[in-house]
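Structure record follows, encoded as structure tokens.
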Amino acid sequence: MSSAFEFPTPTPLGYFAALVADDEDLPLLEAATAIAQDEYPEMDVQAVLGDVDQLLARVRRRCADATDPLQRLRALNQFFFRDMGFGGNVNNYYDPDNSFLNVMLKTRRGIPITLGVLWLELAQGLGLKARGVNFPGHFMVKVNLPNGQVVIDPFTGQSLSREDLSERLEPYKRRNGLVDDFDVPVGLYLQAAPSREILSRMLRNLKEIHRTQEDWLRLIAVQDRLLVLLPDAWTEYRDRGLAWAEMGDARLAVSDLEIYIAHTDDALDRDAMDRRLQELRRALN
């Protein structure tokens, strides 16, 4: 006999939607961990969070006597990058598992953004004023200290000077014409990233991997999460629609492309997608 107080278990997507519903209370680590549920449906998100809590307890014991934020930062980096051995997966950078926190906790290998999300949880748990940075081409973390700001590459654990950051920006600036009169200060690229933007960057990394591998079913699962996270990101409807077309589902492809065409400001792309839409409609008739 079932209890009147039993509730249906939410789907992975429904669980993710509940986590990201409100910017004020968005739990970054939990939402980032939940992304792996599409690939690992048996994963227990709360168990993963418990593992992170144990890491935090260990590093807190090390910092018990460290009253100075710089001391705590050094202790954290020693623990995270050296003792625990977390670092970038240089041998298989584009492995989707690098984007899944449950796997990264076991292998201790990831990409900048997953390493950064875990590092941020520990840093903030130590009372450090740490934030993520959506730096072009490479996610960073930063800590505000009484005497200035430290920017760290979570892939290597290296602290980066302003000169290092400027050097890393050069290719991006040249590609986008941000030189001479159009140049902007490095500081503008070091703004703290909101949790929603960090999650969207994680998902778009996965999206690009699946698109390159033409893994349309996995790409669609990522698109579903992106559209829960960013309901007004009209290009994500386009990309999901095109993936549905690749899967041979013209009905769902038409539905998504109609939404995109109704909202996009890109006239050239709208015309191209309108032609694709007509092809798909003919396939339905």
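The values are calculated or read from the model by the stated rules, or taken from the named source; none is laboratory data. Just so it is clear, the model here is predicted, and its values are computed rather than measured. Virtual Cβ from ideal backbone geometry, glycine too; neighbours counted across all protein chains shown.
Some points to look at:
- Yes/no for E167 being loosely packed, with under 13 Cβ neighbours inside 10 Å and either closer than 15 Å to I198 by Cβ or without any contact (Cβ under 8 Å) to a residue 12 or more places away in the chain (or both): yes
- Conditions (1) part of a helix (DSSP H, G or I); (2) surrounded by fewer than 16 Cβ atoms within 10 Å (Cβ to Cβ); (3) aromatic (F, W, Y): number failed by F79: (2)
- Here Y94 meets each of (1) loosely packed, with under 14 Cβ neighbours inside 10 Å; (2) assigned to a strand (DSSP E or B); (3) touching a helix residue (DSSP H, G or I) at 6+ places or on another chain (Cβ under 7 Å) with one exception, condition (2).
- Qualifying residue in region 20-33 (condition: among the hydrophobic types (A, V, I, L, M, F, W, C), within 19 Å of L126 (Cα to Cα) and in contact with an Asp or Glu (Cβ under 6 Å, 6 or more places away or on another chain)): yes
- Qualifying residue in region 249-260 (condition: more than 27 Å from D23 (Cα to Cα), in a loop (DSSP other than H, G, I, E, B) and at pLDDT 95 or above): yes
- Taken over region 97-113, the criterion of being closer than 17 Å to H210 by Cα and surrounded by fewer than 21 Cβ atoms within 10 Å (Cβ to Cβ) is satisfied by D97 alone.
- The set of residues in region 98-113 that are more than 10 Å from M202 (Cβ to Cβ), touching a helix residue (DSSP H, G or I) at 6+ places or on another chain (Cβ under 7 Å) and in a helix (DSSP H, G or I) comprises N98, N102, V103, M104, L105.
- For G177, the conditions (1) over 27 Å from T114 (Cβ atoms); (2) at pLDDT 95 or above all hold with the exception of (2).
- Residue ranges of helices (runs of 4 or more DSSP H) in region 4-68 with at least 1 members surrounded by fewer than 17 Cβ atoms within 10 Å (Cβ to Cβ): 12-19, 45-62
- Scanning region 137-159 for residues that are assigned to a loop (DSSP other than H, G, I, E, B) and surrounded by 16 or more Cβ atoms within 10 Å (Cβ to Cβ) yields H138, F139, P154, F155, G157.
- Residue match in region 201-217 (condition: of a type in the set (S, T, N, Q) and either part of a loop (DSSP other than H, G, I, E, B) or surrounded by fewer than 16 Cβ atoms within 10 Å (Cβ to Cβ) (or both)): yes
- Region 94-126: number of residues that are closer than 17 Å to G157 by Cβ and not aliphatic (A, V, I, L, M): 10
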